[in-house]
Structure formats: C-alpha cells, structure tokens
1. Mind telling me which of the residues Ser215, Ser239 ends up being in a loop (DSSP other than H, G, I, E, B) and without any contact (Cβ under 8 Å) to a residue 24 or more places away in the chain?
2. Taking the stretch 149-167 as the search range and keeping residues that are over 17 Å from the mean Cα position of the chain (by Cα) and of a type outside the set (A, V, I, L, M), which one is nearest to the ligand (Cβ to nearest atom)?
3. Those residues that are within 16 Å of the ligand (Cβ to nearest atom) and touching a strand residue (DSSP E or B) at 6+ places or on another chain (Cβ under 9 Å), I need them from the stretch 21-38; list them, please.
4. Restricting the stretch 125-147 to residues that are surrounded by fewer than 17 Cβ atoms within 10 Å (Cβ to Cβ) and more than 14 Å from the ligand (Cβ to nearest atom), which is farthest from Pro219 (Cα to Cα)?
5. Could you list, in sequence order, the residues of the stretch 79-102 that are under 16 Å from the mean Cα position of the chain (by Cα), in contact (Cβ under 8 Å) with a residue 12 or more places away in the chain and within 22 Å of Gln153 (Cα to Cα)?
6. With respect to Asn142, is the statement that it is closer than 18 Å to Ile210 by Cβ, of a type outside the set (Gly, Ala, Ser) and touching a helix residue (DSSP H, G or I) at 6+ places or on another chain (Cβ under 9 Å) true?
7. Tell me the residue from Val64, Val41 that is buried (at least 22 other Cβ atoms within 10 Å of the Cβ) and either of a type in the set (Phe, Trp, Tyr) or within 16 Å of the ligand (Cβ to nearest atom) (or both), please.
8. Evaluate the stretch 190-199: report whether one residue or more is within 20 Å of Gly104 (Cα to Cα), not basic (Lys, Arg) and not in a loop (DSSP other than H, G, I, E, B).
Amino acid sequence: MNVIRARDYEDMSEKASQLVVDKINESNVNVLGLATGGTPVGLYKRLIKKINKGKASFSNIHTVNLDEYIGLSADDPNSYHRYMDDVLFKHINIPKSQTHLPNGDAEDVQLECLRYEALIHELGGVDLQLLGIGNNGHIGFNEPGSSFSGRTQVVELAPSTIEANARYFSDEEMVPRQAITMGIQTIIESKGILLLASGLDKAEAIQELIEGEVSESCPATVLQKHSDLTIIADEQALSLV
Ligand code: GLP
C-alpha cells in the first residue's frame, strides 16, 4: 500500500484530485468508482476545476457509485443521486447515461442489487475506486461483520453510522436504516483503489486499516490485501500511525 501524508483537508483534496487526473490520463480509466460523504467533496471541487480547464475529460468515462440509501428517490435532497449531481455531475461534461448509482427506490431492491452488480461486470469492472472510511472502519456501507466475499447487497446501517450521517438530515429519525452497497468482494476487485481520510475521527479506523489484523470486524482491513491501494490522509487521520 502507498500512504501519502497530507497536511490537512485541502492538501488531501488537492493531492487526490491530481492523482485522479493523472490516472485518467495515464492509465485509461474507463470506469471510475465514486464515493459520497463529506470527505470527497473537496476532491470533487478540484476535479471540476481541472476538468473544465481541460486537464482531463470525463466524456467517455462511466462512473459507478458505491452505495445509495433505500427508500430515497433520486431527487430526494439526501439521496446519493442528488449528492452526486450537486457536487460533480452537473458541473462537468459527462452524459447522464454514463453515471450509475444503485436505485434505492427500486420496487424490488434484491433485483436491483443483482442488476447493479451485473452492470459493473458488463462495464468491464472498476478501474479506479474512490473510497472514504467510516469511523467504525466501514467501506461503502459494509459495516463491521460484513463478509469479505459479499457482492452488491441490501444492508442494515450500524447505529454509529446512522448517528454520524444524521448531520445531513433534519432529524436522526429521518436517516434511512437500510442501504444498497457494493459488497466488499465487488470493491476489492477494482483494479486500483484510492482511499481518503481526514480528521481525528478517522484516526482509529486508519490505524486499524494500516496496522491492524485483517478481520471482518473492521471491513477496511481487507484493503491490506489489495495490490494497488493508495491512501491519502491528513496529519490528523494519520496521527495514530
Ligand atoms: C458514509 C458512506 C461511505 C463514506 C463514509 C464516511 O456512510 N456510505 O461511503 O465513506 O460514510 O463519510 P464521511 O466522509 O462523511 O466521513
């Protein structure tokens, strides 16, 4: 694994956006895996500027997101569909038909999981997957205890994740209890992985990811086995390493 130390959130975001641009230009990224949450917002802001200055093009790229809440429609302000439109897609030149997220509003969510997993395979797999990390070591919405062999599936959110994500909702009660997420096996099959972390809240999870025993009790530890993993984290997130 390659660990890149950043000074702070801004520095992490700049380094990450440059790495994404370089990878797109150098190594033919056709399918880019995207993450949501607070962490990648700065990366997306910088990416928009770089794309609009002609440093990279997304016009032929397909994007696949990690996860989506169950029960929220695509235009719900708290859905990850809406998040992606607001923080990235509507600011750059990428056809809507090339941006993919699980449909959390599907009538049959189990069928939707199968569709999404099949879509990733039809696209030829993910070339570069962006990841954040939960305070409890979750990746996507794969909470502690998730099987390393899991595919795209319906999951229950951990109480600590509901609490952490409540800041985006008017009330903690409004946070959906379930989500569709790429499974850990789906994630680990990505050809390259770029994980970002910022802040003291993430320090224990990052320590576990870098130095801990590989265990399903901390999903992110599975990434130790990946042959092309880059972590860009700031001083605070790396303070226990
Ligand atoms: C959310 C998302 C994850 C994200 C994580 C951290 O629940 N499902 O993909 O990486 O939690 O979020 P944040 O970046 O806001 O700390």
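1. Result: Ser215 is the single residue among Ser215, Ser239 that is in a loop (DSSP other than H, G, I, E, B) and without any contact (Cβ under 8 Å) to a residue 24 or more places away in the chain.
2. Going through the qualifying residues, I end up with Arg167.
3. Leu32, Gly33, Leu34, Ala35, Thr36
4. Gly125
5. Within the stretch 79-102, Ser79, Tyr80, His81, Tyr83, Met84, Thr99, His100, Leu101, Pro102 meet the criteria.
6. So Asn142 fails the test.
7. Val64 is the lone residue from the list that is buried (at least 22 other Cβ atoms within 10 Å of the Cβ) and either of a type in the set (Phe, Trp, Tyr) or within 16 Å of the ligand (Cβ to nearest atom) (or both).
8. For the stretch 190-199, residues within 20 Å of Gly104 (Cα to Cα), not basic (Lys, Arg) and not in a loop (DSSP other than H, G, I, E, B): absent.
Read the figures in this text as sums done on the coordinates, not as results from a lab. Owing to the predicted nature of the structure, the values given are computational and were not obtained by experimental measurement. Methodologically, a virtual Cβ is constructed for each residue, glycine included, from the backbone with ideal geometry; neighbour enumeration extends over all protein chains shown.
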